[in-house]
Amino acid sequence: MTLSLSRARRAAAALALLATAACERGELTAVEPPATGQLTVDASAGWAYVDLAAGAVVPQTAAAASTTWDIGFNATNVVLNGGPNGPAGVTALCLCQNGGATNEQVLAMTLDGEAPDFAAVTETSIPATTAAWSADAFTASRWYRYNILGDHRVSPTFDVYLVRRGAAVYKLQVINYYGPAGETRRITFRYAKLRG
């Protein structure tokens, strides 16, 4: 169902009035926007560190001692702020739904074609035990294949990873390695918070 622009504006205005009234009565608290979206990081000149809750790249000069980031990218390398890479205790696991895909299947994968796999991962996908979680999940299960056609291209496998920091769990899928003009190391991923 689609709303006309004027109906949509009236509905938004009504919601704003209701929220204002509820806030005046002390019924509402600040609501944070859902941690979901798509982000492109420039990992061409070194490490780019991301705070998943904020959905933003955060500047770092001493990443190994900082708790302000969750995941870092540099070229095809991915690190988590846990284990030897940082003090925040971030771990992950690969659901690796495309782990058995052939090179031809990987080359045929598209952003839209792999969206259902991403959408299918819900809170029920989070394992009950912690044994599978690791600070080096992206090293153990790479998110890409390299040089499939002998052209030195990086091809994402579109595998979905679960990333955990404390009680918060996100799903993350790397979807591109190239910028709009073909620039390398412009890593794009989609993510959504599942818990916490």
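Going by what's in this entry, would residue 64 be described as surrounded by 17 or more Cβ atoms within 10 Å (Cβ to Cβ) and more than 18 Å from the chain's Cα centre (by Cα)?
In short, no.
Given the structure, is residue 119 at positive phi and of a type in the set (A, V, I, L, M, F, W, C)?
no
Of all the strands (runs of 3 or more DSSP E) wholly in the stretch 90-196, which have at least 2 residues that are basic (Lys, Arg) and crowded, with 16+ Cβ neighbours inside 10 Å?
160-165, 184-195
Just a yes or no: is a residue in the stretch 84-102 touching a Pro at 6+ places or on another chain (Cβ under 8 Å) and either outside the structural domain of residue 164 (by TED's automatic domain parsing) or under 12 Å from residue 162 (Cβ atoms) (or both)?
yes
Which one is surrounded by the most Cβ atoms within 10 Å (Cβ to Cβ), of the residues in the stretch 73-89 that are of a type outside the set (Val, Ile, Thr) and within 12 Å of residue 136 (Cβ to Cβ)?
Result: 80.
Which members of the stretch 92-129 meet the condition of being without any contact (Cβ under 8 Å) to a residue 24 or more places away in the chain and more than 14 Å from residue 156 (Cα to Cα)?
Those that are without any contact (Cβ under 8 Å) to a residue 24 or more places away in the chain and more than 14 Å from residue 156 (Cα to Cα): 116, 119, 120, 124, 128, 129.
The values are calculated or read from the model by the stated rules, or taken from the named source; none is laboratory data. Everything numeric in this text was worked out from a predicted model, so none of it was measured. FYI the Cβ positions are ideal-geometry reconstructions off the backbone, even for glycines, and counts take in every protein chain you see.
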